[in-house]
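The values are calculated or read from the model by the stated rules, or taken from the named source; none is laboratory data. Quick caveat, the model's predicted, so the values are computed rather than measured. Here Cβ is always computed from backbone atoms with ideal geometry, including for glycine, and neighbour counts include all displayed protein chains.
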Amino acid sequence: MVLESQGNRNTIDGETDKIGIEMDIITYISARVNLPSYFKTNHKMEDQVKRMRVGEGRISAAISIFLGALSLVGILCFKFPEILTTPEFREIYTAEMVENLMYGAIIATFLFALISMLLNKKRKNAVIGMALGVLAIAFGGFTVEGRSVEKVSWSIGLDWLILDLFIMALLFVPIELAFPKNKEQSKFHPEWRTDLIYFGISHLAIQLFGVLTKKPAEAFFGWMNLDAVHAWVSGLPFVVELFVALVVTDVFQYWAHRIFHSHHYLWRFHSVHHSTKNMDWLAGSRTHFIDIFFTRSMTFIPLYVMGFSTLTFNVYIVFIAIHAVLIHANTSINFGFLKYLITTPQYHHWHHCEEPEHYGKNFAVVFPFIDMIFGTYHLPGKEWPKGTGLVDASFPKGFMRQLVFPFKKNPFKNDLPPEERTDR
């Protein structure tokens with residue numbers, strides 16, 4: 001719309017809507033006197049929290065709250081290990097190891113809260129962290145001990161969630177602070193809570209998806225008499241077996257991923273994953289449960305059918321968990337020649353790019369050569385996409401709304417002219 005002045009009367013394309021006139025007047029004036037952007041129409045809201053800087057006390061307060069919360073959840077795992085811990089991962093860590101982690105986390109909670117109080121006059125978050133530490137001690141954080149665990153038919157992998165969240169934050173938050181790709185993006189962007197919920201649910205459900213996949217795999221493929229394949233796999237050196245597992249699962253996941261992009265109804269669900277504009281270490285977890293179930297089934301089934309060892313399966317899970325966080329991270333690390341051998345943040349950010357001319361590229365999760373084989377490879381030197389997200393779709397905010405939305409409505413705009421519609 002164009003603002004025109006006719007004497008003392010303002011008209012907008014011949015209309016006299018009062019609200020419309022007022023908003024266009026604001027746009028007209030702000031464009032000339034450089035008013036703050038939140039007065040302008042058709043402009044992104046400047047509502048992101050200021051990026052954290054070392055020495056402000058905000059980072060230490062966030063760490064204090066984070067460790068205090070993990071300590072409280074960890075105490076539940078000590079008290080109810082049968083229900084809340086994962087049998088497969090109890091074989092990896094020892095009781096003494098997690099006891100020491102608990103003690104260290106509680107002590108660090110108070111230490112970082114104190115640092116924040118010394119550096120920042122705003123002490124609300126530091127006090128919250130210290131309160132969580134006090135609660136952890138009150139509920140037995142310094143006295144909990146590991147014990148023998150009775151075997152049960154099912155459990156919630158809360159221990160895996162805690163360890164995974166702790167390790168990922170320990171690895172990737174410093175990397176994103178030191179080597180950010182988007183230097184203006186805050187850790188606490190407007191949708192970080194939503195992504196954290198996705199992270200929690202997808203990691204809590206890891207054993208559930210394993211069980212749901214293993215039973216159908218045994219039922220449908222048990223008759224195939226693959227003893228010779230199982231013997232060959234079990235005879236491989238561990239490193240070779242792990243590499244074979246990664247290649248086989250990546251081929252299956254490549255096609256599962258590509259199907260979700262090419263089928264218009266399935267794309268509704270997978271587009272939830274592409275809806276974030278804030279690529280960071282939590283963004284990879286933003287995945288609809290329909291998408292998670294189908295994709296993980298396509299990766300877990302070959303692992304079960306081909307008879308890969310439990311050790312290979314567990315190491316595969318840990319590797320994929322770390323790598324999936326890495327490729328979505330807000331980091332500019334280039335990785336040199338390794339980026340041609342294994343997928344990197346630059347590689348996967350192109351898969352999430354906003355530019356329509358580069359849609360439908362880089363479906364592989366681990367190995368770029370799979371995209372090369374199937375003609376979907378795109379890695380232009382050191383260039384990164386201009387932006388990430390969906391330019392032709394509208395998703396509601398919040399986990400529950402996004403969970404229900406694809407079932408009810410197509411998130412993509414149907415009123416666009418054909419030349420403006422995008423095909424992922």
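Brief remarks on what is shown
- Single condition Val127 does not satisfy, out of (1) under 21 Å from Arg193 (Cβ atoms); (2) part of a helix (DSSP H, G or I); (3) modelled with pLDDT under 90; (4) out of contact with any His (no Cβ under 6 Å at 6 or more places or on another chain): (3)
- Close contacts from region 261-283, counting a first residue that is touching a residue at least 24 places away in the same chain (Cβ under 8 Å) and among the small types (Gly, Ala, Ser) and a second that is part of a helix (DSSP H, G or I) and crowded, with 23+ Cβ neighbours inside 10 Å, with Cβ to Cβ under 6 Å and a gap of 6+ residues or different chains, come to Ala283/His328.
- The residues on offer are Phe252, Phe313, Phe269, and the sole one that is in a helix (DSSP H, G or I), closer than 24 Å to Gly387 by Cα and out of contact with any Lys or Arg (no Cβ under 8 Å at 6 or more places or on another chain) is Phe269.
- Neighbours by Cβ (under 6 Å, 6+ apart or cross-chain): first from region 82-106, in the same structural domain as Ser71 (by TED's automatic domain parsing) and touching a residue at least 24 places away in the same chain (Cβ under 8 Å); second part of a helix (DSSP H, G or I) and among the aromatic types (Phe, Trp, Tyr): Thr86/Trp160; Phe89/Trp160
- Scan of region 156-190 for residues that are surrounded by fewer than 21 Cβ atoms within 10 Å (Cβ to Cβ) and farther than 21 Å from Ile65 by Cβ, ordered by number: Ile156, Ala178, Phe179, Pro180, Lys181, Asn182, Lys183, Glu184
- Set side by side, the residues Leu390, Leu416, Leu379 differ, and just one is in the same structural domain as Thr276 (by TED's automatic domain parsing) and at pLDDT 90 or above, which is Leu379.
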